[in-house]
Structure formats: structure tokens, C-alpha cells
Amino acid sequence: MDYYFLDSVSWQHSQALYHAAAYLGREALFILRPNSPYVCIGFHQDAEQEIDLAFARANKIPVFRREVGGGAVYLDGEQLFYQLVIRSDRPAIPRDKGEFYRQFLQPVVDVYRAFGVDAAYKPVNDIIANGRKISGNGAAEIEGMTILVGNFIMDFNYEMMSKCLRVPDEKFRDKVFKTLSENLSTIQRETGSIPATANLAAALAAAYEPLLGKLQPKELDAELIAKADELFAEMYTDEWLLANDRRRPDAKQVKIREGVYVLQKVVKLPGGLVRANAVVEDGTLHEVHLSGDFFFYPSNALQDLEKALEGTSADPQSLTHFVKNFYTQRAIVTPGIAPQQLAEVFAA
């Protein structure tokens, strides 16, 4: 398998390269970090709900929506990313997403421990140290390729992260800052020092070889760079960033009468936060929109579920039956979220 230790790259390539490898059908392990800060949101998130876009623009902080689920995060050169792109039909790839995370995050845990961090895997997709998250991870499937992305958090700008998030008021922002500081750790915080990125990368590459086979160091080639640049041009647009937002029902355009109301729910489930918007008219769902920091496989089937829910009964029992059937028919997987839990989000 190709191995690219690139260390510091442009923030654009820190996201576009692994997307490019997936679309090209090329297996690869990238280890890199961005040379300038940006905010990255999950595939199913609503940018206008999650991020203070005005603050980001005023401070020249780019906001990018990746094709991997999960939550919004502030990224900079103090985080070393690992991005694994492998064929989904590899015999060694577990079909169960929980088992996939457990197996493929163990090398990361081992490297953290080798550098003095008392790390452990925490389902569904976190690595923790002394009760605090120290690595965020996500997986996706693109064009028959399975992607795992995550980071070694060497240090972290808690203040900037809290400023980039959309919150109702400054008092709430202070609470976000305090909660981040208490629940997110770093290598610097755990050990008092930061190892060289080259050493972290070499240790992780060696830890992955028993799972992946021999890793061959490579330099970026013209095909990979061209595809990355092509994809970035398509993805770094308002149309792509706000695509999730534009499917959100606009309550101002809904005429409210007896038996008609707009449903807006935010529910925290084990697999992530789910935000549901819908119009309920005479007991049936319309204009359904789901967003949040959860993982939904296959990713593009989330929009299919939204469309399928159009006109369905909002009765909890009927809705649960409908969602369960959709999961079965489409082989849907949402780690940490059972179909009945997703259906219950719409309960009034």
C-alpha cells in the first residue's frame, strides 16, 4: 500500500488528498497536518446551525464540509492527521462498523501509549486518555473504498474552537470553552511535551503494517494532485457547504393551521447528536430534514430516507416500523443509533 508522510501541507490538500485517493480507487495511508487553520464539518451537519459563519469569514478561517460524518472541529498544525483509504472488499475489513473502529484504531492507541499517553479505545470512535477525548475519528465509504480519518492532538486551541461554533449567547460560549477544556486533552497536556511529527508518523506506519501489509513510501504524483484539486474546486463552494442547509424546511414559508405544525428537535444519542426538522400535517410527515454529527452508512442514503419519509405517518409505532424496514432494505448502519431511536426523534 502507498504511504504518504507529507507533514505540513496546505489546508486544502489536508482534506482533498484522501478524497481524491478514494475516487481514484487508490489505497493509501496519508499522514499530514495543515499549514493554516480551518474549520471542518461533518457530511451530515448543517453549517449554518453549527458554525458562526460570520466570525469565520471575518477572521479568514475557511469552513469545509467533508464526505465523512461526525462533528465540527477546528483544525490546525497542532494536529497530525492520519487518513487511511482501503478497498471495502478487503478480506480483513470487518463489516460491522464498531468492530472496524476497534480494530483499526488499536494501532493509534498503541502509538499514543508508546509516546507516554495512557490511551484507550472508547466506542464508537473515540480514543480517550484519563477520561478525556484525545483523538477524534470518523469513517466513510466512497466509490467502494473505506476511509478512516483521525488525528493525534498534539495541542489544541480551545478558545478558537469555542469562538467558531454557533451558540445562542456569550455565556453559553463560555460554557462551551469550559466543557471543551475539561473533556478534550492533548499530548502536551498528558506528557508535558510534543514529539516530532516524523516520529509519530513512523510509529503509526509500523503499527499499521500487520493489518495492511508493507507500506511503500511515496511522493505525490500528478494524477493524485490533479484529482485533489478538481474535487476541492467542487467542494469548496457555498453550494456544497450549505447543501445540507438548503434542504432544511423554512418555517417562514409554512402556513400554520389547526393540525399543522413545524417540528424541530435536537436529541443527543450514543452515536451522536441528531437534529430533526419536519412539518407535521394531520398526522403525517413532510419536508423532513435530518442533520447532526452522527455517522450514516451509506452516506447518500440519508437523503433517500428523508424523501421516503415524505407523507408517512408520524405515529411513533408506525414510524418506527417504517424506519426499521428502510434500514433492513437498504442495509443501513448508524453506529450508536438504533432505527427505533432515530424514529423516536420525531416524537412530539
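The values are calculated or read from the model by the stated rules, or taken from the named source; none is laboratory data. Quick caveat: nothing in here was measured; it's all calculated off a predicted structure. With ideal geometry, Cβ positions are generated from the backbone for all residues, glycine too; neighbour counts draw on all protein chains shown.
Numerical summary
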| quantity | calculated |
| --- | --- |
| The listed residue being touching a residue at least 12 places away in the same chain (Cβ under 8 Å), under 20 Å from the mean Cα position of the chain (by Cα) and assigned to a strand (DSSP E or B), out of LEU305, LEU290 | LEU290 |
| Set TYR23, TYR18, TYR38, TYR74: member being closer than 17 Å to THR146 by Cα, modelled with pLDDT of 95 or more and within 17 Å of the chain's Cα centre (by Cα) | TYR18 |
| Count - residues of region 212-229 that are of a type outside the set (A, V, I, L, M) and free of Cβ contacts under 8 Å to residues at least 40 places away in the same chain | 1 |
| Enumeration of residues in region 290-320 that are among the aliphatic types (A, V, I, L, M) and closer than 8 Å to HIS44 by Cβ | LEU290, LEU302 |
| Test: GLY77 is surrounded by fewer than 22 Cβ atoms within 10 Å (Cβ to Cβ), out of contact with any His (no Cβ under 7 Å at 6 or more places or on another chain) and farther than 24 Å from ALA202 by Cβ | no |
| Sole residue being within 24 Å of ASP126 (Cα to Cα) and crowded, with 16+ Cβ neighbours inside 10 Å, chosen from LEU285, LEU290 | LEU290 |
| Some residue of region 3-22 being over 30 Å from LEU290 (Cβ atoms) and touching a Gly at 6+ places or on another chain (Cβ under 7 Å) | yes |
| In region 41-71, the residues that are of a type in the set (Phe, Trp, Tyr) and within 12 Å of the chain's Cα centre (by Cα) | PHE43, PHE64 |
| Region 313-332 - residue that is in contact with a strand residue (DSSP E or B) (Cβ under 9 Å, 6 or more places away or on another chain) and crowded, with 17+ Cβ neighbours inside 10 Å and, of those, modelled with the lowest pLDDT | ALA314 |
